[in-house]
Amino acid sequence: MRIGILSDTHDYLEMVDAAVNCLNREGVDLVLHAGDYISPFVVPRLAKLNSPLIGVLGNNDGDHHLLAERFSEHEHLSLRGTFASVTAGSMAIALLHGDNRELLQALIERKAFDTVVHGHTHQAEIRELGKMLIINPGETCGYLTGRPTIAVLDTVTRCVELLSL
């Protein structure tokens with residue numbers, strides 16, 4: 001199974017479109033979004049994905065109720081709140097934004113998941129801690145680093161590819 005991973009879209013619609021187009025070309029089976037959509041008007045752009053999307057809220061997301069309402073208008077999009085436990089292929093994945101550093105560290109230290117996916121820092125990072133993968137796809141928007149990125153995880157090979165938009 002191939003999983004597209006993105007975070008910190010921050011209302012940059014052109015980069016959201018670029019990410020959606022890239023993930024559709026990559027033929028991913030599932031997309032995980034680690035939060036900071038910002039406004040509900042980004043959701044129809046994400047709805048153009050050919051695969052299901054599971055997302056969580058970030059610290060900069062505005063109207064949580066309206067974001068959830070917009071997500072519910074598309075049956076292949078799911079907004080899970082601030083944390084999601086996802087089983088994809090044979091992998092148990094923790095999905096969160098990462099602004100709660102204590103929670104992020106506890107998830108990593110407890111090693112209860114095969115993979116921890118987070119965003120928040122806008123810095124792309126892929127690392128292994130024993131058998132666990134920790135993935136931050138960087139920022140889709142490119143606002144802080146000037147380098148918009150997303151990631152693709154292969155659950156069989158456990159390889160993660162960082163893609164520039």
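Let me check I've understood the local charge: for residue 77, count other residues with C-beta under 12 angstrom from its C-beta, Lys and Arg +1, Asp and Glu -1. What total comes out?
Working: positive: 45, 48, 70, 80; negative: 69, 73, 75.
Neighbourhood net charge equals +1.
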So, with points 7 Å from each Cα along the Cβ direction, the residue 161-residue 51 label distance in nm works out to 1.1 nm
Fewest-first ordering of 36, 8, 99 by Cβ atoms within 10 Å yields 99, 36, 8
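What does the charge add up to near residue 56, with Lys and Arg as +1, Asp and Glu as -1, over the other residues with Cβ less than 14 Å from its Cβ? Kindly include the intermediate steps, with their values, before the conclusion.
On the way: positive: 80; negative: 8, 36, 61, 99.
Summing Lys and Arg as +1 and Asp and Glu as -1 gives -3.
Explain nothing, just the number: relative contact order of the chain, from Cα pairs under 8 Å at least 6 residues apart, as a whole percent.
The value is 25 percent.
Using Cβ contacts closer than 10 Å as the measure, can you line up 14, 26 from fewest to most? Mind dumping the intermediate values first?
Working: 14 12, 26 16.
Arranged by neighbour count, lowest to highest, 14, 26 become 14, 26.
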Placing +1 on each Lys and Arg Cβ and -1 on each Asp and Glu Cβ in region 2-164, then taking the dipole about the Cα centre, the residue among 94, 121, 38 whose Cα reaches farthest towards the positive end is 94
Computed over region 1-96, the distribution of all Cα-Cα distances in 5 Å bins, rounded to whole %, is 3, 15, 28, 27, 19, 7, 1
Once Lys and Arg are counted +1 and Asp and Glu -1 for all other residues with Cβ under 14 Å from that of residue 9, the total becomes -4
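What order do you get for 159, 141 when you list them from fewest to most C-beta neighbours inside 10 Å? Could you put the intermediate results ahead of the total?
Working: 159 12, 141 24.
Final ranking by Cβ density, sparse to dense: 159, 141.
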Kirkwood radius from Cα pairs of region 2-164 plugged into Stokes-Einstein at 4 °C, 1.567 mPa s, gives D in µm²/s equal to 85 µm²/s
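Taken together, the values in this text are just the output of simple stated rules run on the coordinates, not laboratory data. Treat the numbers as computed from the prediction; the structure is a model and nothing was measured. Neighbour counts run over all protein chains shown; Cβ positions are idealised from the backbone, glycine included.
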